[in-house]
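Shown next, in structure tokens, is the structure this report addresses.
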Amino acid sequence: MALQDISNLDDIKLLVNNFYDKVQKDDLIGPIFNEKMLGRWPEHLEKMYRFWQTLLLEEHTYSGSPFPPHKHLPVNQLHFDRWMEIFITVVDGLFVGKLAEEAKVRAANMAYMFNYKIEYFRNPENH
């Protein structure tokens with residue numbers, strides 16, 4: 001079966017579920033996510049469906065600020081690189097097309113900005 005582009009909420013759910021399934025099992029970032037999300041995975045996944053639905057499908061179902069919950073996580077560039085590696089692998093394994101590419105660009109931009117901001121808050125004297 002040929003891969004299709006991301007086109008609806010079911011596609012978003014497929015992407016998010018596959019991505020976080022791999023994240024939870026990952027040796028590097030899995031423990032950080034699993035500790036933070038303990039007992040709250042369903043709620044987090046619902047929020048991620050709305051987030052990506054808003055970004056990619058322009059169906060405005062997400063409101064909020066994605067960065068604050070991440071501000072104090074014990075992560076660095078290595079963690080964001082692994083997050084991106086998993087994300088790209090999942091997107092490329094499930095979809096092909098304009099929105100699939102857009103998802104990867106958006107994820108890369110978020111990973112860069114989140115890492116930059118975390119470093120900034122962690123070391124304000126360096127800025």
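Looking only at segment 64-95, count how many residues are over 24 Å from D5 (Cβ atoms), at pLDDT 90 or above and open to solvent by less than 40 Å² (accessible area, probe 1.4 Å).
So the answer is 2.
If a residue has to be at pLDDT below 95 and of a type outside the set (S, T, N, Q) to count, how many in segment 96-127 make the cut?
The qualifying residues number 15.
Looking only at segment 34-59, which residues are surrounded by 13 or more Cβ atoms within 10 Å (Cβ to Cβ) and either in contact (Cβ under 8 Å) with a residue 60 or more places away in the chain or not in a helix (DSSP H, G or I) (or both)?
If the condition is that a residue be surrounded by 13 or more Cβ atoms within 10 Å (Cβ to Cβ) and either in contact (Cβ under 8 Å) with a residue 60 or more places away in the chain or not in a helix (DSSP H, G or I) (or both), then M37, E59 are the ones that fit.
Applying the selection to segment 104-127, what residues are under 21 Å from D26 (Cα atoms) and either open to solvent by 90 Å² or more (accessible area, probe 1.4 Å) or of a type in the set (A, V, I, L, M, F, W, C) (or both)?
Within segment 104-127, the subset under 21 Å from D26 (Cα atoms) is 104, 107-108, 110-112, 114-115.
If the condition is that a residue be under 21 Å from D26 (Cα atoms) and either open to solvent by 90 Å² or more (accessible area, probe 1.4 Å) or of a type in the set (A, V, I, L, M, F, W, C) (or both), then A107, A108, M110, A111, Y112, F114 are the ones that fit.
State all residues of segment 75-104 that are under 17 Å from Q53 (Cβ atoms) and either in a helix (DSSP H, G or I) or of a type in the set (A, V, I, L, M) (or both); if no residue qualifies, say none. Spell out the reasoning first.
From segment 75-104, those under 17 Å from Q53 (Cβ atoms) are 87, 90-91, 94-95, 97-100, 102-104; that's our starting set.
F87, V90, V91, L94, K98, L99, A100, E102, A103, K104, listed by residue number.
Residue by residue through segment 24-33, note down the ones that are out of contact with any helix residue (DSSP H, G or I) (no Cβ under 6 Å at 6 or more places or on another chain) and either surrounded by 14 or more Cβ atoms within 10 Å (Cβ to Cβ) or not basic (K, R) (or both). So that I can check it myself, show each step before the final result.
Just the residues of segment 24-33 that are out of contact with any helix residue (DSSP H, G or I) (no Cβ under 6 Å at 6 or more places or on another chain), to begin with: 25-27, 31-32.
Of everything in segment 24-33, those that are out of contact with any helix residue (DSSP H, G or I) (no Cβ under 6 Å at 6 or more places or on another chain) and either surrounded by 14 or more Cβ atoms within 10 Å (Cβ to Cβ) or not basic (K, R) (or both) turn out to be D26, D27, P31, I32.
The values are calculated or read from the model by the stated rules, or taken from the named source; none is laboratory data. Because the structure is predicted, anything quoted here is derived from the model rather than measured. Using ideal geometry, Cβ is built from the backbone for each residue, glycine included, and neighbour counts are taken over all protein chains shown. Remember, those area values only see protein heavy atoms, side chains included, never the ligands or the DNA or RNA. Shrake-Rupley method; radii C 1.70, N 1.55, O 1.52, S 1.80 Å.
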